[in-house]
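First the structure, in the form of structure tokens, and then the observations on it.
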Amino acid sequence: MTPEQVAEAQKLAREFKPHMELGSNNSVSTENPTASGTGFFITDDGYLISNYHVVKDATKVRLLTGAGLIDAKVVQVDAAIVSAKLDASVALAASGALPENVNYAVKSSFLLSFLESVPDVSAKLKAPISADRKFEDVVKSAQDAAVLVLVY
């Protein structure tokens, strides 16, 4: 993604407000998420990966996808995979600036080991595409896999 696209995505994420929806009795739901984060579909039948710190206190999880808002459930968690956090005071002392939008990646070997502990998931993982692909196709694939995770 270009720096302009990243900046636009960050702006949209900061401004996101979930829509109010009708409940089963046609009353308006005023439920607001207590946290949010990102997740990525890893199987064609809906398994998704997100960070533990996003879902750790969840009583309800919903996903905002290109198809709309859908309910989800936490199947398995593990805090050791992604428990690192940048200490803002250390970064400020070292660089003279407060960090913004700092993201961490998970080493794929740790993630694959974790996924193997969940029955039936490892056999359903999407196959990596090793052939040369157009940049636009890679972006489209990432957009289709990425969702906003809303925690209640």
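The values are calculated or read from the model by the stated rules, or taken from the named source; none is laboratory data. Since this is a predicted model, take the numbers as computed values, not measurements. Cβ coordinates were reconstructed from backbone atoms using ideal geometry, including for glycine residues, and neighbour counts include every protein chain displayed.
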Item to complete: Scan segment 93-152 residue by residue and report those that are outside any helix (DSSP H, G or I), basic (Lys, Arg) and in contact (Cβ under 8 Å) with a residue 12 or more places away in the chain.
Response: Lys126
Discussion item. Contact list please: Cβ distance under 6 Å, first residue in segment 34-48 and farther than 19 Å from Leu112 by Cα and in contact (Cβ under 8 Å) with a residue 24 or more places away in the chain, second residue surrounded by 15 or more Cβ atoms within 10 Å (Cβ to Cβ) and among the small types (Gly, Ala, Ser), pairs at least six apart or on different chains.
Written reply: Gly37/Ser50
Practice prompt. Can you tell me which residue within segment 118-152, out of those that are at pLDDT 85 or above and polar (S, T, N, Q), is farthest from the chain's Cα centre (by Cα)?
Written response: Ser141
Worksheet entry | Residues satisfying the stated conditions in segment 53-78, i.e. loosely packed, with under 10 Cβ neighbours inside 10 Å and in a loop (DSSP other than H, G, I, E, B) | Thr59, Gly66, Ala67, Lys73
